[in-house]
Amino acid sequence: MQKLSLTMLLATFALSFSPAIMAQDAPGYTDGPFLPNSKWRVHDQTRPQPKKVTPGTGDLGVTAPDDAIVLFDGGNLDAWQRTDGQPIGDGIADGAFDIVKTGQLRTKEEFGSCQLHLEWVTPLGPEDRMNWGNSGVFPMGLFEIQVIESCDSFIYADGNAGAIYGQFPPLVNPARKPGEWQSFDIFFTAPTFDGDKMVSPAYVTIIYNGVIVQNHQEILGTVSHRALPGPYPVQTRGPVMLQDHHSGVKFRNIWIRPIE
């Protein structure tokens, strides 16, 4: 539980920034450490932005299969608890919930390898681009898949929506306009261990608005801001966490299929 609390603390401060270092026209940093086996620094200001593509049209509304665990169907948040232990706020309206009103959430149940579907929408804004629609999805409560407005605004490449935060930008940027519902389908492979030794790291494939943006990508470590990814804790399961980063991001239609 102490490890998870530290992770939540890191998540809460993710995307804080120093105006003295960040350029106004090219968000990012020039003084971060280099990622392993990469020419790019963490949040590198010069890292190319992902190419924009237009996603297909039509309703999202992917219905959960009958073997899925429904985490939110518009009715209640019984599957969740706040990460700070406080009661969940009244944030449900029109089949969705506002993460600022509910508070930062984690599932009561813990999961390892899984298929996770969720839909989200950013505020119409505009807001400060570092916080416009800023949230995140954390498999095992450790690894951040970024949620942020990435159509009319952008931040550093490895912080765009669909990025493995601070590690890998999305392959392309299929973001819809602010105020339009978007979807993630996340296929997560949990790390494995032999005693205290890691045998295999975590991997993730992400389909964002019907477009693949991470393709069985290795996750380098736990989420960090302006620092190298943190070391893996010795665990193979953990909660799904949804981050409250002080922007009124809404979520709906969340379900998960554990893959044993």
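The values are calculated or read from the model by the stated rules, or taken from the named source; none is laboratory data. These numbers were taken from a predicted model, which means no experiment stands behind them. Don't worry about glycine lacking a Cβ; one is built from the backbone with ideal geometry, like all the others, and counts go over all protein chains shown. Only protein heavy atoms, including side chains, enter the accessible area calculation; ligands, DNA and RNA are left aside. Shrake-Rupley method; radii C 1.70, N 1.55, O 1.52, S 1.80 Å.
Observations on the structure shown:
- Verdict on K101 being at pLDDT 95 or above, touching a Gly at 6+ places or on another chain (Cβ under 7 Å) and either surrounded by 15 or more Cβ atoms within 10 Å (Cβ to Cβ) or more than 18 Å from L228 (Cβ to Cβ) (or both): yes
- Among (1) out of contact with any Gly (no Cβ under 7 Å at 6 or more places or on another chain); (2) at pLDDT 95 or above; (3) not hydroxyl-bearing (S, T, Y), the one test that H246 misses: (2)
- The residue that is modelled with the lowest pLDDT, counting only those in region 9-34 that are of a type in the set (A, V, I, L, M) and buried (at least 19 other Cβ atoms within 10 Å of the Cβ), is L15.
- Each residue in region 116-166 was checked for being touching a residue at least 40 places away in the same chain (Cβ under 8 Å), of a type in the set (S, T, N, Q) and more than 17 Å from I212 (Cβ to Cβ), and 4 pass.
- Close pairs (8 angstrom Cβ cut-off, 6 or more residues apart or separate chains): within 24 Å of E127 (Cα to Cα) in region 232-260, part of a loop (DSSP other than H, G, I, E, B) and aliphatic (A, V, I, L, M) anywhere: Q243/A14; H245/A14; H245/L15
- Any chance R226 is open to solvent by 20 Å² or more (accessible area, probe 1.4 Å) and at pLDDT 95 or above: no
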